[in-house]
1. How many nm is it between the label spots at D375 and K265, if each spot is 7 Å from the Cα in line with the beta carbon?
2. ³J(HN,Hα) across the stretch 474-490 via Karplus (A = 6.51, B = -1.76, C = 1.60, θ = phi - 60°), whole Hz, x for Gly/Pro?
3. Check which residues have an amide H placed less than 5 Å from T402's amide H, if you skip close sequence neighbours.
4. Rank by packing, highest mean first: peptides 480-488, 248-256, with packing defined as the count of other Cβ atoms within 10 Å averaged across residues.
5. Within the stretch 502-544, whose backbone N sits under 18 Å from a point 7 Å along Cα→Cβ of D456?
6. Give me the net charge of A418's neighbourhood, meaning all other residues with Cβ under 12 Å from the Cβ of A418; Lys, Arg count +1, Asp, Glu -1.
7. Taking the Cβ of A436 as the centre, find all other residues whose Cβ is under 13 Å away and add up their charges (Lys, Arg: +1; Asp, Glu: -1).
8. Mind checking which aspartates and glutamates have their C-alpha under 15 Å from K315, skipping anything on the same chain fewer than 8 residues away?
Amino acid sequence: MSYPGYPPQAGAYPPQAAGYPSQPGAYPPQAGGYPQQPGGYPPQAGGYPPQAGGYPPQAGGYPPQAGGYPPQAGGFPPQAGGFPPQAGGFPPQAGGYPPAPPQGSWGGGPAGGYPTIGLGGYNTGMANQISSGIAGFSQTPFMLDQASGGYPPAAQPSGLGAPSPNQQSYGLYPQPGGNMQPPQGPGMGYPGQPGQPMPAYGGAAPTPGYTKAPSPNPSMPAYGGGGGGTMPIAPPVNRGYRGSINDFPGADQLKDAEVLRKAMKGFGTDEQAIIDLLGSRSNRQRVPLLRAYKTAYGKDLIKDLHSELSGDFRKLVMATLKTPAEFDASELHSAIKGAGTDEACLIEILSSRSNAEIKEINRIYKQEHKKSLEDAISGDTSGHFRRLLISLAQGNRDERETVDVSLAQQDAQALYAAGENKLGTDESKFNAILCARSKPHLRAVFVQYQQMCGRDIEKSINREMSGDLESGMLAVVKCIKNTPAYFAERLYKAMKGAGTKDTTLIRIMVTRSEVDMLDIRQEYVKNYGKSLYTHISGDTSGDYKKLLLKFCGGSD
């Protein structure tokens, strides 16, 4: 049976003369073809297989015979001039793949042509590239995936070259730009391959004058001659792991929990067993002991240790069983609550932690104390010092390693204009620069500042500010300039004179033991003439001293 009006009449679909394609005998075939005329499908009397004119159709039907589909000479696959095209390119010439219908007709697309969909204009851009010498050309998915412009992208107007290996292209998607570059040997033509120059920043040759020699102070990058433009500062020499506590090979949580249980079981406590265990495990090996102990014995390790130990030794042991963020959050809470505020503790933690660490501290503080860290700071401090702490607590400092020397000069001029070069001080300008800029950038700013006004930034802060704001700004500057030296000074001040600031001593020894304790020890000897190990030994005693010395790691 057939539907009313189907097959349509001349000029309808399938198209008749002048339709698609326009060759006689082509596809769809005519008389006897598909759709079939009377006697077609479903077959009439005579059943299946159908008789002449039925399905499958006979001569002239489907599949068509000579002159039908697939087309013979001049059809598809095309002969000379067809597809793949020979010299002369795409679209193929007469005899090739049937030409597209006229634009605006059925199947011919919009009068303005089809939009290009991610191939950068296949009919033009790609055809121009493959038109010559196409005989041996084999397309790969890699090439089809690219927009016109290919990969790697040519140097952009900004001056940045192609991305370095293992780096995504700048916009995640292929960039617009020139013609597709052919692969340049292994690695598909990444810059920096043998025989290929690495693109310079700014699209020009690197600015001369930057020394490659290490700075006398490892935390302060060496600066050579002048020169503007964006230039990455030589990164600090990677000297490997600089902590004093390492993972203990083959540590077993349940066995360690058993050691702690035996140390506290019965009459008396075996403090030496606790010292030996906790002083030889890294933080990620100590913290899981809480769950392992409870799993094995159904008791709380913290409560058991709290009841068995006392004094500073107990505080130190408790500190070792918290994650870094948990310990920092508890220290900040202790610094804020109560009668007085330990401003130095707030600055120490917030100026020395990374953005990710500060965000985790904020999350844990809110979770543990049902109040945001920012609210706690706001309620306990005031003025510009409060603004400094809140700025640091955002954990939003720029963390790029590259330095724009011209911007560093501008910032140095802004600091000079906000302090030494005016009556009064614009504290907010100091706050904005010291809390938002990256640490490598600020080191460059401090160098430029000294060259500009002949005075160290710290001396200017001493002259221009006072009170908590002065000490806070100084601490931020010292921590950025040379973090190990800053902590060495904090340790020295905690132990010198009558009495020891044990809270500070415990916090720094625990938190820096897996970060930069070896560097702190070097700065301590250099600046104070005696080793940190010796100073701790002479200033503390008992089990407390033994465990502190484990975290110190040795004498220098």
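The values are calculated or read from the model by the stated rules, or taken from the named source; none is laboratory data. Keep in mind that what you see is a predicted model, and the values were worked out from it rather than measured. Note that each Cβ is placed from the backbone with ideal geometry, even for glycine, and that neighbours are counted across all protein chains shown. Areas reflect the complete protein model, heavy atoms only, side chains present, ligands, DNA and RNA absent. Shrake-Rupley method; radii C 1.70, N 1.55, O 1.52, S 1.80 Å.
1. So the label points at D375 and K265 sit 4.6 nm apart.
2. Karplus values, whole Hz, x for Gly and Pro: 4, 5, 4, 5, 5, 5, 6, 4, 7, 4, x, 5, 4, 6, 4, 5, 4.
3. Here the answer is none, since no amide H 5 or more places off falls under 5 Å of that of T402.
4. Values: 480-488: 22.0, 248-256: 12.9.
Going from most to least packed, we get 480-488, 248-256.
5. 523-529
6. Numbers: positive: K422, K429; negative: D411, E420, D426, E427, E464.
Net of charged neighbours comes to -3.
7. Residues near A436 contribute +3 overall.
8. E271, D304, E326, D328, E331, D502, D543
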